[in-house]
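A short write-up of the structure that comes next.
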Amino acid sequence: MAKYFCINRTGKYHDLASKYDVVNYILNPQKTAPGYFGGYHVDPYSPADSMIDTSEQYGKSSGVQLRHYVFSFDFGELSNPNTALQIAKDFASYVGQEFQTVFAVHLNKPNLHFHLVFNSCSYVDGHRFRGTRKEFYTMQNGFRSILRRYGIHRLEYQTKR
């Protein structure tokens, strides 16, 4: 069963520097291979700067700056890193309709997983993704819909990592 969790904890990711920290973490070449990462509506050479520029443009330089999700697949459920990459691209495209996203498939663990990070400030109109119950379920339903296209019919949200 596919699992996901959100790494945003209370007091985390409240400064603009967190965008650099998280983007650098997920794009770490020791965890992901060339070509197994990407983004939407960000400069591919400086995605964190793109996110910071958007937040500053809309006056959203304080508060939670980004959302960080990890999606993990059980052994046998998904073993092809190219499929994981395509799923990550689809998720990023879905979120990228409103928010700048960066994603990376990590190949450093026995089971495939990918990280999806997005700016909490929308590049469309500056509204903030707050992580409300409604936003959570809308996002989760979108993720489930994407996974069904790949024959994965169960997605479990884990509250703790």
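The values are calculated or read from the model by the stated rules, or taken from the named source; none is laboratory data. It should be emphasised that the depicted structure is a prediction, and the values quoted were computed from it without experimental measurement. So basically every Cβ, Gly included, is an ideal-geometry build from the backbone, and we count neighbours across all protein chains shown. Only protein heavy atoms, including side chains, enter the accessible area calculation; ligands, DNA and RNA are left aside. Shrake-Rupley method; radii C 1.70, N 1.55, O 1.52, S 1.80 Å.
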**Request:** Can you confirm whether region 71-85 contains a residue that is open to solvent by 10 Å² or more (accessible area, probe 1.4 Å), under 15 Å from Phe143 (Cβ atoms) and in a strand (DSSP E or B)?
**Result:** yes
**Message:** Here's a check for you: in region 102-141, which residue that is of a type in the set (Gly, Ala, Ser) and under 13 Å from the mean Cα position of the chain (by Cα) is surrounded by the fewest Cβ atoms within 10 Å (Cβ to Cβ)?
**Reply:** Ser120
**Message:** Among (1) closer than 25 Å to Lys12 by Cβ; (2) without any contact (Cβ under 8 Å) to a residue 60 or more places away in the chain; (3) open to solvent by 70 Å² or more (accessible area, probe 1.4 Å); (4) in contact with a helix residue (DSSP H, G or I) (Cβ under 8 Å, 6 or more places away or on another chain), there is one condition His153 misses while meeting the rest; what is its number?
**Reply:** (1)
**From the options Leu85, Leu66, residue that is closer than 16 Å to Leu27 by Cβ, of a type in the set (A, V, I, L, M) and touching a helix residue (DSSP H, G or I) at 6+ places or on another chain (Cβ under 8 Å)** = Leu66
**Message:** So for region 41-55 (the condition being over 23 Å from Val124 (Cα atoms) and either open to solvent by 40 Å² or more (accessible area, probe 1.4 Å) or within 17 Å of the chain's Cα centre (by Cα) (or both)), does at least one residue qualify?
**Reply:** no
